[in-house]
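The values are calculated or read from the model by the stated rules, or taken from the named source; none is laboratory data. Here the structure is a predicted model, which is why all the values come from computation and not from measurement. Counting neighbours? That spans all protein chains shown, and the Cβs are built from the backbone with ideal geometry, glycine included.
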Amino acid sequence: MELTAARAVVTGGASGLGAATARHLAAEGAQVTLFDRDSERGMALAAEIGGTFAAVDVTDEASVASGVAQAVAAMGGIDVLVNCAGIATGERVVGREGPHRLESFARTVAINLTGSFNVLRLVAAEMAKNPGPERGVIVNTASIAAFDGQKGQAAYAASKGGIAGMTLPLARDLATQGIRVCAIAPGTFATPMLKGLPIEVQESLAAEVTFPKRLGEPEEYARLAGFIVSCGYLNGEVIRLDGALRMR
Ligand code: NAD
């Protein structure tokens, strides 16, 4: 898949890893449609990169269907999906306040896992209309918490473990349509989520990384997403992007 000719949807495209991916793909010549529930930042970035913004809540069937229709109308079809919409949550199974709230567990899974699936199933149906043999590429965002989740990360790790676990069956299902599927499992990245933490906390997170001892740059995620799109033999794989960080 040539990035220069790609028509890409990036969810969570208003911020962090999604915004960096949207900028990178646009700089490589791709057409980009951003899906996000943050309209203000999404519209501003779409204007900056000459793309399209669709106000989408990934958990909502009708909202995603409308976003997909807007993307197809704007770009004439969809070849690439990078799913970055997500939330970070933390809560102990039994904490000072009592047992983990079921609502917060379900919400984390609804956005991070079910939301990613909701977008990819509708986008894949559009990709299937493209001429083959390769009709599309899907990149989902897991986390190293899928493998070494920490205390308080039961909900988040479950949602990301789901992303990792469905990667191979998605690739197998969508092989029929000529669509490749991979996931990126980022370590700790310098996005608004982490940059909001006190500098000492950011420094201690960076110190945990094996090498290089720093947070990942969103552009590094974006370049890997772009590489997955352009490397036609990469399929069904979850790639850690973490400076060899292993969380304890
Ligand atoms: P971020 O908060 O900067 O961006 C997330 C974006 O998703 C926001 O623009 C937000 O509005 C959007 N979003 C959230 N819920 C949504 C919904 N229901 N519908 C539509 N849009 C929604 O976060 P980020 O750091 O860029 O994270 C991107 C993804 O990468 C997330 O899935 C996150 O779990 C994952 N991740 C991040 C890190 C990290 O260190 N930053 C590490 C591992 C995994």
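Pairing residues of the stretch 76-92 that are β-branched (Val, Ile, Thr) and more than 12 Å from the ligand (Cβ to nearest atom) with residues that are in a loop (DSSP other than H, G, I, E, B) and at pLDDT 95 or above, at Cβ distances under 9 Å and at least 6 apart in sequence or on separate chains, gives Ile78/Asn130; Val80/Ala6; Val80/Ala30.
For the stretch 3-33, the set of residues classified as of a type in the set (Gly, Ala, Ser), more than 17 Å from Gly77 (Cβ to Cβ) and assigned to a loop (DSSP other than H, G, I, E, B) consists of Gly12, Gly13, Ala14, Ser15, listed by residue number.
Checking each residue in the stretch 34-72 for being outside any helix (DSSP H, G or I) and either acidic (Asp, Glu) or away from the ligand (no atom under 13 Å from the Cβ) (or both) picks out Asp36, Asp38, Gly50, Gly51, Thr52, Asp57, Asp60.
Looking only at residues that are surrounded by fewer than 21 Cβ atoms within 10 Å (Cβ to Cβ) and touching a residue at least 24 places away in the same chain (Cβ under 8 Å) in the stretch 150-163, which one is nearest to Leu224 (Cα to Cα)? Across the stretch 150-163, the extreme among qualifying residues is Gly162.
What number of residues within the stretch 129-147 are within 12 Å of the ligand (Cβ to nearest atom) and not in a loop (DSSP other than H, G, I, E, B)? Count: 6.
Against the numbered list (1) within 12 Å of the ligand (Cβ to nearest atom); (2) out of contact with any helix residue (DSSP H, G or I) (no Cβ under 6 Å at 6 or more places or on another chain); (3) within 16 Å of Ala142 (Cβ to Cβ); (4) not in a strand (DSSP E or B), Arg240 comes up short only at (4).
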